[in-house]
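The block underneath contains the structure these notes are about, expressed in structure tokens.
The values are calculated or read from the model by the stated rules, or taken from the named source; none is laboratory data. This is a predicted model, so every value here is computed, not measured. Cβ atoms come from the backbone with ideal geometry, glycine included; neighbour counts cover every protein chain shown.
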């Protein structure tokens, strides 16, 4: 009766583990990038819903109201002809509605605003998803989000 593994059995086990590792590692490699892309797309969708909600308030009320808890319709922060906020600033304070929307969306990932362009976790220039992993209309380094105050759209742009 055999009490230990033979050398050939050990080599086969190591070979099988090596093949499984070679197949599994590439599958898990893109998970972080996919998570960043999903988080950014989800947050951008939340921002668009908040903008549409603000526009709905404008249509219904046609007067003095507060949109999103921070944008007063009787101030310069509100486009009186289109019914959308005039500025989606970032930072603390009442005049920074995007910061409030991002906090309400349950994200703690900081977005950046640079020259009227918004960058999320996937499009962030330092820690974003590389352009080589960028497919279709997904956010990645080299792409950014823009806000149009006339149409109320928060959309992904590319160079």
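Observations on the model:
- A residue that is more than 15 Å from the chain's Cα centre (by Cα) and under 30 Å from residue 129 (Cα atoms) can be found somewhere in the range 49-70.
- Pairs, first without any contact (Cβ under 8 Å) to a residue 24 or more places away in the chain in the range 132-159, second crowded, with 19+ Cβ neighbours inside 10 Å and in a loop (DSSP other than H, G, I, E, B), C-beta under 6 Å, six or more apart: 134/140; 141/128; 143/123; 158/143
- Search result, residues across the range 60-76 that are modelled with pLDDT under 75, in contact with a helix residue (DSSP H, G or I) (Cβ under 8 Å, 6 or more places away or on another chain) and part of a loop (DSSP other than H, G, I, E, B): 68, 69, 70, 73
- Candidate set from the range 1-13 (those that are loosely packed, with under 10 Cβ neighbours inside 10 Å and at pLDDT 85 or above); member that is farthest from the chain's Cα centre (by Cα): 6
- Among the residues of the range 128-147, those identified as part of a loop (DSSP other than H, G, I, E, B) and either in contact with a strand residue (DSSP E or B) (Cβ under 8 Å, 6 or more places away or on another chain) or modelled with pLDDT of 85 or more (or both) are 128, 129, 130, 137, 138, 139, 140, 141, 142, 143.
- Residue, surrounded by the most Cβ atoms within 10 Å (Cβ to Cβ), within the range 68-80, restricted to residues that are closer than 17 Å to residue 148 by Cα and free of Cβ contacts under 8 Å to residues at least 24 places away in the same chain: 78
- Among the residues making up the range 14-31, those that are within 30 Å of residue 157 (Cβ to Cβ) and either modelled with pLDDT of 85 or more or part of a helix (DSSP H, G or I) (or both) are 29, 31.
- For the range 102-120, the criterion of being at pLDDT 85 or above, in contact with a helix residue (DSSP H, G or I) (Cβ under 7 Å, 6 or more places away or on another chain) and either in a helix (DSSP H, G or I) or under 21 Å from residue 155 (Cα atoms) (or both) is satisfied by at least one residue.
- If you go through the range 32-55 and pick out every residue that is closer than 18 Å to residue 149 by Cα and either buried (at least 20 other Cβ atoms within 10 Å of the Cβ) or at pLDDT 85 or above (or both), you end up with 9.
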